[in-house]
Amino acid sequence: MKLLVTGGAGFIGSAVVRQAVGQGIEVVNLDALTYAACLENVASVAGSPLYHFEQVDIRNAAAVEACFAKHSPDAVLHLAAESHVDRSIDGPGVFIETNVMGTFNLLQSARALWEAKGRPDGFRFHHISTDEVFGSLPADPAIQFTEDTAYDPRSPYSASKASSDHLVRAWHETYGLPVLLTNCSNNYGPYHFPEKLIPVTILNALAGKDLPIYGDGSNIRDWLYVEDHADALLTVLHQGRVGRSYNIGGENERSNLQLVETLCAILDRLSPRADGKAYAEQIRFVTDRPGHDARYAIDPSRIRAELGWRPSVTVEQGLEKTVQWYLDNESWWRALQTREGVGQRLGIKA
């Protein structure tokens, strides 16, 4: 199999690339190398004869088409996207261009290739999305997002991802393109770009800075270790039913405050403050994000029942691995801290 991974130099995409090459799959990494991408993320497999890289922006239809023609992939794992909610509040245009029009360009090229090959049964276009397309949930733990939950996006980011989901389904229903869809909960782990909650908390703590928490910290998320997510994506690619969607969750709900307090406790053990005080003393509550969803929670019953997949770690185990990785890889994150927007509070223009 030759697998085209879009966004393969990003956080989740690079985890997929590393695992796929490790499984003996030939991989084409298509990435525009925007601010959140880093080729260091795939350095461990870059020398493999199974790995190929193409610097292509999915907004460029001609470049996308040329890449498909050159490599003729058997399957596509589409992860390339603008993904930071705060940035979408400040500048929604690029989210529409990349997440909606970029997906359209990929679907058109995939469809053209699939038809030119005689519509092979084994071809797959696997689109990776987010649980944020479903909107917000009440606090009741019995209520979770299922694959049948109605879409109710609340931010420019989630609206753009919902739009791309609808396009993928339409290309399946209208043209017969063999598609798969997955909607995941919040990812975390190694190589997470330092603008999201977990890496920001770790790096601010180590630097002696405030640990900002939006609102009162009661917003709840389900947390999915990125290596588990990559494993789930490849499982769906190989075993999922065409036209089907699968929700991928970590089965680990925590409030933002609980999550940050757990990170502080781990840091207290692994890298104590020089003054002997607790990192939790650096926590500060800040003005909430506009339209901040109260709770996300995934019901993973379908992927567990149909494909036998479950996450391998608890959030506490995954956070311990993550903190240790950042402590061991300062050269990786230090080089990214000068990139545009890193270390700044975004998403407050609304």
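The values are calculated or read from the model by the stated rules, or taken from the named source; none is laboratory data. As the structure is a computational prediction, the values presented were derived from the model and not from experiment. All Cβ positions, even for glycine, are placed from backbone atoms using ideal geometry, and neighbour counts span all protein chains on display.
Just one of the listed residues (HIS126, HIS52) is free of Cβ contacts under 8 Å to residues at least 40 places away in the same chain and either part of a strand (DSSP E or B) or within 22 Å of ASN183 (Cβ to Cβ) (or both), namely HIS52. Hey, does the stretch 174-187 have a residue that's over 20 Å from GLY7 (Cβ atoms), free of Cβ contacts under 8 Å to residues at least 24 places away in the same chain and surrounded by fewer than 21 Cβ atoms within 10 Å (Cβ to Cβ)? Yes: the stretch 174-187 contains one or more residues that are over 20 Å from GLY7 (Cβ atoms), free of Cβ contacts under 8 Å to residues at least 24 places away in the same chain and surrounded by fewer than 21 Cβ atoms within 10 Å (Cβ to Cβ).
Taking the criterion of being out of contact with any strand residue (DSSP E or B) (no Cβ under 7 Å at 6 or more places or on another chain) and within 13 Å of LEU4 (Cα to Cα), the residues of the stretch 55-65 that qualify are VAL64, GLU65. From the list LEU257, LEU319, LEU267, the lone residue that is closer than 18 Å to CYS184 by Cβ and part of a helix (DSSP H, G or I) is LEU319. Screening the stretch 208-227 for residues that are among the hydrophobic types (A, V, I, L, M, F, W, C) and within 30 Å of LEU107 (Cα to Cα) and picking the one that is surrounded by the fewest Cβ atoms within 10 Å (Cβ to Cβ) gives VAL226. If a residue must be closer than 23 Å to GLU26 by Cβ, part of a helix (DSSP H, G or I) and touching a residue at least 40 places away in the same chain (Cβ under 8 Å), how many such residues does the stretch 55-101 contain? Selection size over the stretch 55-101: 6. Part of a helix (DSSP H, G or I), touching a residue at least 60 places away in the same chain (Cβ under 8 Å) and over 21 Å from ASN183 (Cα atoms): does that describe ARG111? So ARG111 fits the description; yes.
Give me a count of the residues in the stretch 163-184 that are over 19 Å from TRP114 (Cβ atoms) and touching a strand residue (DSSP E or B) at 6+ places or on another chain (Cβ under 8 Å).
First, pick out the residues of the stretch 163-184 that are over 19 Å from TRP114 (Cβ atoms): 163, 165-166, 182-184.
Filter once more, so that each one left must be touching a strand residue (DSSP E or B) at 6+ places or on another chain (Cβ under 8 Å): 165, 182-184.
The total comes to 4.
Close contacts from the stretch 306-327, counting a first residue that is more than 11 Å from ASP228 (Cβ to Cβ) and touching a residue at least 24 places away in the same chain (Cβ under 8 Å) and a second that is among the hydroxyl-bearing types (Ser, Thr, Tyr) and not in a helix (DSSP H, G or I), with Cβ to Cβ under 7 Å and a gap of 6+ residues or different chains, come to THR322/TYR188; LEU327/SER271. For the structure I just gave you, tell me whether ASN252 is touching a Phe, Trp or Tyr at 6+ places or on another chain (Cβ under 8 Å), in contact (Cβ under 8 Å) with a residue 12 or more places away in the chain, within 30 Å of LEU206 (Cβ to Cβ) and of a type outside the set (Ser, Thr, Tyr). Against the criterion (touching a Phe, Trp or Tyr at 6+ places or on another chain (Cβ under 8 Å), in contact (Cβ under 8 Å) with a residue 12 or more places away in the chain, within 30 Å of LEU206 (Cβ to Cβ) and of a type outside the set (Ser, Thr, Tyr)), ASN252 qualifies. For the stretch 279-333, the set of residues classified as buried (at least 21 other Cβ atoms within 10 Å of the Cβ) and acidic (Asp, Glu) consists of ASP293 only.
Checked against the criterion of being closer than 19 Å to HIS126 by Cα and either buried (at least 17 other Cβ atoms within 10 Å of the Cβ) or in contact with a Cys (Cβ under 9 Å, 6 or more places away or on another chain) (or both), the candidates ILE89, ILE12 yield just one match: ILE12. Scoring ALA205 on the criteria (1) at pLDDT 95 or above; (2) surrounded by 22 or more Cβ atoms within 10 Å (Cβ to Cβ); (3) in contact with an Asp or Glu (Cβ under 8 Å, 6 or more places away or on another chain) leaves a single failure, condition (3).
Considering every residue within the stretch 141-148, establish whether at least one is exposed (fewer than 13 other Cβ atoms within 10 Å of the Cβ), farther than 16 Å from TRP171 by Cβ and in contact with a strand residue (DSSP E or B) (Cβ under 8 Å, 6 or more places away or on another chain). Quick ask: steps written out before the conclusion?
Just the residues of the stretch 141-148 that are exposed (fewer than 13 other Cβ atoms within 10 Å of the Cβ), to begin with: 141-142, 148.
If we keep only those that are farther than 16 Å from TRP171 by Cβ as well, we get 141-142, 148.
With in contact with a strand residue (DSSP E or B) (Cβ under 8 Å, 6 or more places away or on another chain) added as a condition, the list becomes 141.
Checking the stretch 141-148: at least one residue is exposed (fewer than 13 other Cβ atoms within 10 Å of the Cβ), farther than 16 Å from TRP171 by Cβ and in contact with a strand residue (DSSP E or B) (Cβ under 8 Å, 6 or more places away or on another chain).
Within the stretch 214-222, can one find any residue that is touching a residue at least 24 places away in the same chain (Cβ under 8 Å), of a type in the set (D, E, K, R), closer than 20 Å to LEU4 by Cα and in contact with a strand residue (DSSP E or B) (Cβ under 9 Å, 6 or more places away or on another chain)? Write out each step before concluding.
To start, the set of residues in the stretch 214-222 that are touching a residue at least 24 places away in the same chain (Cβ under 8 Å) comprises 214-222.
This time we only want the ones that are of a type in the set (D, E, K, R), so: 216, 221-222.
Applying the additional criterion that residues be closer than 20 Å to LEU4 by Cα yields none.
No: the stretch 214-222 contains no residue that is touching a residue at least 24 places away in the same chain (Cβ under 8 Å), of a type in the set (D, E, K, R), closer than 20 Å to LEU4 by Cα and in contact with a strand residue (DSSP E or B) (Cβ under 9 Å, 6 or more places away or on another chain).
Scanning the stretch 22-32 turns up no residue that is touching a strand residue (DSSP E or B) at 6+ places or on another chain (Cβ under 9 Å) and part of a helix (DSSP H, G or I).
All conditions in (1) within 20 Å of ASP216 (Cα to Cα); (2) part of a loop (DSSP other than H, G, I, E, B) hold for GLU281, with the sole exception of (2).
Which of the residues spanning the stretch 256-301 are of a type in the set (Gly, Ala, Ser), within 22 Å of LYS196 (Cβ to Cβ) and at pLDDT 95 or above?
Of all residues in the stretch 256-301, those of a type in the set (Gly, Ala, Ser) come to 265, 271, 274, 276, 278, 280, 291, 294, 297, 301.
Pick out the ones that are also within 22 Å of LYS196 (Cβ to Cβ) and you get 265, 271, 280, 291, 294, 297.
Hits for the stretch 256-301 are ALA265, SER271, ALA280.
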